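Below is one structure, written out as structure tokens; the observations come after it.
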Amino acid sequence: MEAVVEGTGERGTDVTVKGEAAIKPEFLTTKEKFHGFLDSEGLGSTGVKTSENDKVNETKGTSVEEPEPKKLKVDPEDGRNEGKPQGKRLRGQNKSRPHTKPTTYEEKRLCLSVVQNRECSFGAKCHFSHDAAEYMASKPADIGESCYIYDTFGKCGYGLTCRFAKAHTTPDFKTLEKEDLVKAYEGRTVVKNSLNKDLQNRLRKRSVTFQKSAEYLKTLSSNKDTGQQHGNGEACKAEVSADPKEEKDVSTEAQLQVSSDKQAQIKTVGPLTDADVIKLRPSEKKQVDFRDKLYLAPLTTCGNLPFRRVCKRFGADITCGEMAMCTNLLQGQQSEWALLKRHESEDLFGVQVEGCFPDTMTRCAELINSYTDVDFVDINSGCPIDLVYKKGGGCGLMTRTRKFEQIVKGMNYVLDVPLTVKIRTGVQEKSNIAHKLIPEMKNWGVAMITLHGRSREQRYTKLADWDYINTCANLADPVPLFGNGDILSYEDAMKARETGVSGVMIARGALIKPWIFTEIKESRHWDISSSERLDILRDFANFGLEHWGSDTRGVEKTRTFMLEWLSFMCRYIPVGLLERVPQRINERPPYYMGRNYMESLMASQNVGDWVKISEMLLGPVPKNFNFLPKHKANAYK
């Protein structure tokens with residue numbers, strides 16, 4: 001790979017390798033020197049240099065060879081490089097990555113009945129330990145001296161199993177409480193939208209009623225029957241309007257209006273409440289002002305609740321849960337319902353659902369409307385993965401216009417909150433179809449549209465097409481349209497706002513540097529220090545322990561999600577090291593030395609180095625711990 005002259009700037013001739021970020025020459029280094037520095041200066045969480053044996057044990061089962069640098073596409077007209085680059089380019093997902101169950105991290109697990117100080121319902125048949133002293137003797141050492149959950153809420157529900165148990169347990173294994181903090185949080189719901197057992201059982205038994213969905217789906221079936229009757233009779237042809245689609249829509253709306261009127265005529269007994277007053281006008285939806293806000297994209301795996309809390313602290317206005325599959329929600333799957341959870345700090349929060357049929361999507365919308373507290377619901381019609389696309393969901397909806405329309409209208413009918421849609425430019429790379437869909441979506445009743453400026457085929461290759469986003473934004477007016485793609489600095493956001501979009505959605509930019517929201521709102525480049533970045537990770541660790549638990553299972557789950565995040569965060573280049581500000585999202589960082597050891601460690605793309613960072617916050621990894629990131633570290637362009 002040869003060095004090419006990119007141009008001449010204020011600092012003189014800027015000689016960089018094509019596709020690499022321009023870093024000041026005094027910080028540049030080689031791969032060997034970079035890793036040699038990290039190995040020689042490697043410090044454990046105790047601040048003592050690790051021995052060679054410790055390093056071997058530490059990285060055993062966790063360290064994966066660093067991926068080869070991204071191979072650039074060869075320009076056939078460029079005489080300097082002949083032939084195709086050797087070797088397969090690393091991109092996409094590690095689909096065969098290891099999945100270690102959290103239960104395997106402990107040799108002995110304490111029965112929940114001992115933690116909760118009650119009698120075990122399984123008796124002698126219970127597989128878990130009931131001897132607190134024996135469990136504490138075999139339990140791994142505590143991670144730290146203070147428990148975040150105990151210090152925040154006044155009591156820790158994980159008791160003896162907590163990895164910070166000494167902070168809130170007595171020598172005779174009794175759990176301590178701080179009464180003042182316990183009273184302060186009494187009756188306060190910090191996290192909403194949890195799935196209760198009663199609803200889960202009813203969903204599994206299919207005993208939940210979907211009255212409004214049934215009304216809407218009945219109109220679809222009756223319209224279908226009406227269409228068949230019109231096709232069989234010769235005399236009916238003269239009565240059919242010039243636009244049969246328009247006739248069908250009018251028929252649907254008329255039937256839904258009749259059913260709504262019947263529902264309004266039901267007599268009730270008792271005093272009139274505020275809830276009754278609101279229900280008197282079912283046609284009036286909750287209004288949300290989306291314009292001029294910063295929207296944190298719904299990010300699968302990394303966009304979890306603790307990460308969203310970090311982004312809220314830095315100024316994200318709108319947050320959205322990870323993509324949830326409607327069929328799994330309807331089946332009462334606990335893991336899928338966890339994606340709908342909302343923290344009290346998320347003041348403008350929505351959930352994103354994926355599906356491909358009007359019946360399941362409409363019922364799912366009614367379920368969310370009845371049993372969760374959200375400000376809007378988003379339809380994912382931009383997901384590019386094969387699992388979703390091949391069954392007709394995600395991007396597949398963009399090519400199934402009739403089904404898409406039925407889904408939007410059905411969900412709109414049952415929801416009391418706005419319905420938004422996230423789309424891509426199209427399916428094929430050179431065949432944009434979003435501009436054809438957007439005018440139709442306006443008629444369907446969509447409250448907001450988010451457009452990712454790439455097609456399904458492109459995934460994350462090439463830059464987002466903001467000219468096309470601008471065209472679509474003008475077509476969408478007065479419906480707000482948010483643009484998404486390649487925003488990594490406040491300058492990128494300013495250029496995006498110069499188009500006709502109502503706001504910007506930030507995805508990878510927030511993963512690489514979550515403080516981007518502060519940068520945009522304050523119009524500055526933040527040369528954040530490595531200690532400040534470590535504090536951000538410490539906040540995430542504390543939020544993760546609160547969300548997933550402070551026992552061994554919760555600690556290792558928090559660690560796994562932290563490592564997934566670090567696979568993106570390592571791409572950040574500190575502002576003070578850049579030859580040219582700002583950093584571009586499509587430029588890969590070359591090997592460079594940071595201004596201190598921690599800054600260099602955070603720049604590493606080696607999994608073993610990410611594990612070192614996690615150990616500073618969450619203690620040493622278990623012996624059988626194994627991790628491979630979901631997304632390859634150099635899968636970006």
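The values are calculated or read from the model by the stated rules, or taken from the named source; none is laboratory data. On a predicted model such as this, the values are computed, not experimentally measured, just so you know. A quick note on method: Cβ atoms are made from the backbone with ideal geometry, for glycine too, and the neighbour counts reach across all protein chains shown. Protein only, heavy atoms only, side chains kept; ligands, DNA and RNA dropped before computing areas. Shrake-Rupley method; radii C 1.70, N 1.55, O 1.52, S 1.80 Å.
Set side by side, the residues Lys197, Lys178 differ, and just one is farther than 19 Å from Glu344 by Cα, more than 30 Å from the chain's Cα centre (by Cα) and among the basic types (Lys, Arg), which is Lys178.
The residue that is nearest to Asp539 (Cα to Cα), among those in region 137-166 that are touching a residue at least 60 places away in the same chain (Cβ under 8 Å) and polar (S, T, N, Q), is Thr152. If you go through region 433-445 and pick out every residue that is within 16 Å of Asn474 (Cα to Cα), in contact (Cβ under 8 Å) with a residue 24 or more places away in the chain and open to solvent by 10 Å² or more (accessible area, probe 1.4 Å), you end up with 5.
Number of residues in region 205-216 that are open to solvent by 70 Å² or more (accessible area, probe 1.4 Å) and either in a loop (DSSP other than H, G, I, E, B) or modelled with pLDDT of 95 or more (or both): the value is 3. Looking at the structure I just gave you, is Leu397 closer than 17 Å to Glu457 by Cβ and in a helix (DSSP H, G or I)? Criteria met by Leu397. Scanning region 347-367 for residues that are part of a helix (DSSP H, G or I), surrounded by fewer than 24 Cβ atoms within 10 Å (Cβ to Cβ) and polar (S, T, N, Q) turns up at least one hit.
Residues in region 570-582 that are part of a helix (DSSP H, G or I) and under 14 Å from Ser600 (Cβ atoms) were compared, and the one that is most open to solvent (accessible area, probe 1.4 Å) is Gly576. Evaluation of Gly410 against the conditions (1) in a helix (DSSP H, G or I); (2) open to solvent by 10 Å² or more (accessible area, probe 1.4 Å); (3) not aliphatic (A, V, I, L, M) shows that the sole unmet condition is (2).
In region 546-561 there is no residue that is outside any helix (DSSP H, G or I), among the aromatic types (Phe, Trp, Tyr) and farther than 24 Å from Ala493 by Cα. Number of residues in region 152-184 that are over 17 Å from Leu618 (Cβ atoms), open to solvent by less than 60 Å² (accessible area, probe 1.4 Å) and part of a loop (DSSP other than H, G, I, E, B) equals 3. When Ile379, Ile385, Ile368 are screened for being closer than 23 Å to Cys472 by Cα, within 23 Å of the chain's Cα centre (by Cα) and without any contact (Cβ under 8 Å) to a residue 60 or more places away in the chain, only Ile379 passes.
So which of Thr301, Thr327 is polar (S, T, N, Q), open to solvent by less than 30 Å² (accessible area, probe 1.4 Å) and over 16 Å from Lys521 (Cα atoms)? Spell out the reasoning first.
Numbers: Thr327 fails: open to solvent by less than 30 Å² (accessible area, probe 1.4 Å).
Among Thr301, Thr327, only Thr301 is polar (S, T, N, Q), open to solvent by less than 30 Å² (accessible area, probe 1.4 Å) and over 16 Å from Lys521 (Cα atoms).
Number of residues in region 583-633 that are closer than 20 Å to Asp535 by Cα, part of a loop (DSSP other than H, G, I, E, B) and touching a Phe, Trp or Tyr at 6+ places or on another chain (Cβ under 7 Å): the value is 1. May I ask you to list the residues in region 94-151 that are within 28 Å of the chain's Cα centre (by Cα), in a loop (DSSP other than H, G, I, E, B) and at pLDDT below 90? Listed by number, the residues that qualify are Asn94, Lys95, Ser96, Arg97, Pro98, His99, Thr100, Lys101.
Checking each residue in region 413-432 for being open to solvent by less than 40 Å² (accessible area, probe 1.4 Å) and either in a loop (DSSP other than H, G, I, E, B) or within 24 Å of Ala507 (Cα to Cα) (or both) picks out Leu415, Val417, Pro418, Leu419, Thr420, Val421, Lys422, Ile423, Arg424, Thr425, Gly426, Val427.
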